[in-house]
Structures are given as C-alpha cells and as structure tokens.
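Contents: one structure, followed by commentary.
The values are calculated or read from the model by the stated rules, or taken from the named source; none is laboratory data. Treat the numbers as computed from the prediction; the structure is a model and nothing was measured. Please note: Cβ atoms are built from the backbone with ideal geometry, for glycine as well, and neighbour counts cover all protein chains shown.
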Amino acid sequence: MTDVAAPVTVVGGSVIGLACAHRLARAGHAVEVVDPFDPGTGTAPGTGTGTAPAPAAWVAAGMLGAYTEAWPGDEDLLHQGVTALAAWRRLRAELGEEWEGRPVFHDGTVLLGVDDADAADVGRVADLLDRETPGAVTRLTRRELRDREPSLRRGVRAAVACDAEFAVDNRRVLAALAARCRDLGVRFTRRTVASLGEVTTPVVVLAAGHAAGDLLPALRPLLRPVKGEVVRLRRRAGSLPGPTRTVRARVHGRALYVVPRWDGCVVGATEYEHGVDREPTAGGVRQLLDDAAELVPGLDDHEFTEVIAGLRPYSPDNLPLVGTWTGPVPAPWPDGADRHLVVAVGHGRNGVLHSAVTGEIVAAVVGGRTLTGELAAAAHRVRPGRYDGAHDDLHGRQR
C-alpha cells in the first residue's frame, strides 16, 4: 500500500490497536496511537480506575479458544482461530512469560458438559474438531478429568482436553504490549477522535471496537455491540485452589468459563444485545456465580473482587473485518490516493485471540507485502470487501 516509512495513526488503543501498532512499529513505521483509555492503568483522563468505559479487552478473561470455541457451521471462524493462535505463539515468544513478576500465560483448556444435553453439545464440538483439525482435542474419562483438574465437581457428563490452547492475563498483556510499543517509539495520545478528518497521517488504522461506526458510518450495519459481564475472584488464605487451566463448560445450556490467574480466576460471561449498555446486572452476576460454584465448588470461598461489563463488537458472520477500506468515508476526508484507511474491527468475543494475527495482517497491508500460506488465507477470510452488496443477506447471522 505504502512506503515503509509512511507515518501511521492507529485510532483505538485496546488490544487490536496495540497489536497493530506493535507490528507496524517493528516494520519501521512511525506510529501514533490515539485513545483516551490507558491500558497500563485502566483509566482515561479525568477518571479513576474502573470509572472510564473500559474496552472489551480490559473486561475480558483472555482465553484463546481457537478450537474449543468451534461450532458446526462456523468452520471459517475455526480455521481463522487456529491461524490466530499460531500468531499468538509468535507474540508470546516476544512478550515473555511474565510481566512485572507475575505469569501472563496459562496452558491448556478443558471443555465440559454438565448434563446430558450439555454433553451432546460437547460431543458436537469434538466431532467437528476431529473432522476439521484431527488430533487437536482428546476425549477424557472422568478419572482422567479428575487427575487433570481435581478442583472440578464429580459427575460431569462429558470432558474434552485441548492442550494446544492457552489463556493470557489480558490486562498484563495490554500493559506489556503498550510498553513494547513505547520501546519501539510508538507515541500515545490520550484523547477521543471525533472525526477521521482530524487525522492527518497518510495511513489511518481504525481499531476502535464497536465505536468504529461512529467514525465510519458505513460500518454501522456491520457492527453490533454485545454486552458481556465478567466476575473476578481472588483465592483467600485457606481456600481450595481453583482450576490450573481454562475451563469452558455448558452448564444446563448456558455457556461458562473459568480462567485461572496467579491469584484467583476470572468467571464469565453473559451475552446480551441491549445496545450500548455497560452496566452489570444482579441477575447476570448471580447466574455466573451459581454456575461457577456448581462446576468448581471451592470458588464459593474465594474473595469477590470485581464485576465489570463491556461491549464486544460483532460482525454479521462473526469474523473480523481487517484490511483496506474502499467504501465511503465521511468528509472531511480527501479524495484520491493521498490517504489510506485500514479497518481492524468486528472481532466479537474473540478480540484477544484474533489480535496477534490482525496485527500481522495490518502490517502487511500497510507495508504492501504479499502474504502467503495460512496468513494469506486468514487475510482473505476477513477482507472488508466480502460484504459488498451483501449486507442484508449477512446481517443477523449470529451464534
């Protein structure tokens, strides 16, 4: 697209924007990230911790569910996730295993079904993975599950292990990525962009999550905010330990995950389509805690430290939109070839998972490099132009 030295402004400084900025800076671009939210402190100007509208990646649990997120009919999303997980392995090697003396990564996932109907769902996922990605998962007996995760209740109807997946401490990843970006010369400006016309660099990367439609109205039919509530628990002295790897489960038809942290765990997550609503609800929190305690009884004795809600930006087909934007851009935006707009939005509930590969794709697009192999296939799946003339047909395909 452009000369390697072309300056780039990234609008949006959550995990997608940071991953893009990191890869662009490594490729030699002068990069500025514009976002009011500080990923290192969890604040925006003039606010205290937790009072600013937090991006989805701050709220998230950080699981990289490339395989265990699979569902029949979403095979493209499965293969995109597998490529994304490979990109995360590369990023993991760069970031290191710890940040500020604490672990960033926890390896392994178990996928569970609590009752017979839940077990049938787990079986569908396992059958799909056996067809599409042979060897990715292993069916466990109850004894094998107990040996792996003694904190879990007895009597789970189905269990599948995926050792290839891992989870990240998303807040430590945000801080680590921001620090790596600064080391590479990336500048951070803490403000809100009201119009793309404010940005004067030759290349603009729009990575503003669900709010991207406010800056680029043509995106509005392609993005919808989905609220998710998450609870954080801390292990107290004398409490039983929680899981050592990510636990994903179906609990009487409801989705649940418990993701380990060095000092406790993260429990999530509800899903509601109520527009721009970030307020946690009593019912949502009760559901999460009840389901978590049924699956991991020892969590009842953990300290309740946080409840938070965020908005995940979903696309109609659940795949992100990443690449050169050739659609309309509102004024004041110059016509012609002097400016280039790249979008990196619509990552849904898998924003952390897809962040690393999104950064690699965006850096290649901006630098005019040709991708090959799985990265080329990944870039093709998420190209924004796939929606041209098909908005009405695609909108509403939801999981």
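Quick one: how many residues across segment 325-373 are of a type outside the set (A, V, I, L, M, F, W, C) and over 21 Å from the mean Cα position of the chain (by Cα)?
17
ARG182 - would you say it is touching a helix residue (DSSP H, G or I) at 6+ places or on another chain (Cβ under 8 Å) and basic (Lys, Arg)?
Here the answer is no, as ARG182 does not meet what is asked.
Does any residue of segment 137-157 turn out to be in the same structural domain as LEU256 (by TED's automatic domain parsing), farther than 25 Å from ASP300 by Cβ and under 25 Å from the mean Cα position of the chain (by Cα)?
yes
Could you please let me know if ARG369 is touching a strand residue (DSSP E or B) at 6+ places or on another chain (Cβ under 8 Å) and either assigned to a loop (DSSP other than H, G, I, E, B) or within 28 Å of ARG26 (Cβ to Cβ) (or both)?
Judged against the criteria, ARG369 is not a match.
Hey, PRO221 hits all of (1) over 30 Å from LEU24 (Cα atoms); (2) touching a His at 6+ places or on another chain (Cβ under 6 Å); (3) surrounded by fewer than 21 Cβ atoms within 10 Å (Cβ to Cβ) but one; which does it fall short on?
Here PRO221 clears every test but (1).
Surrounded by fewer than 20 Cβ atoms within 10 Å (Cβ to Cβ), outside any strand (DSSP E or B) and not charged (D, E, K, R), is that true of GLY242?
It is false that GLY242 is surrounded by fewer than 20 Cβ atoms within 10 Å (Cβ to Cβ), outside any strand (DSSP E or B) and not charged (D, E, K, R).
Go through (1) under 28 Å from LYS227 (Cβ atoms); (2) assigned to a loop (DSSP other than H, G, I, E, B) one by one and return the number of the condition GLY28 breaks.
Every condition holds for GLY28 apart from (1).
Of all residues being part of a helix (DSSP H, G or I) and closer than 13 Å to LEU222 by Cβ in segment 373-391, which is modelled with the highest pLDDT? Just the residue, please.
PRO384
Looking for whichever is in contact with a Ser or Thr (Cβ under 6 Å, 6 or more places away or on another chain), touching a residue at least 12 places away in the same chain (Cβ under 8 Å) and within 30 Å of ASP290 (Cα to Cα) here; the options are ARG234, ARG224. Which one fits?
Being in contact with a Ser or Thr (Cβ under 6 Å, 6 or more places away or on another chain), touching a residue at least 12 places away in the same chain (Cβ under 8 Å) and within 30 Å of ASP290 (Cα to Cα) holds for just one of ARG234, ARG224, which is ARG234.
Only one of THR281, THR305 is in contact (Cβ under 8 Å) with a residue 24 or more places away in the chain, surrounded by fewer than 18 Cβ atoms within 10 Å (Cβ to Cβ) and under 26 Å from GLY13 (Cβ atoms); which?
THR305
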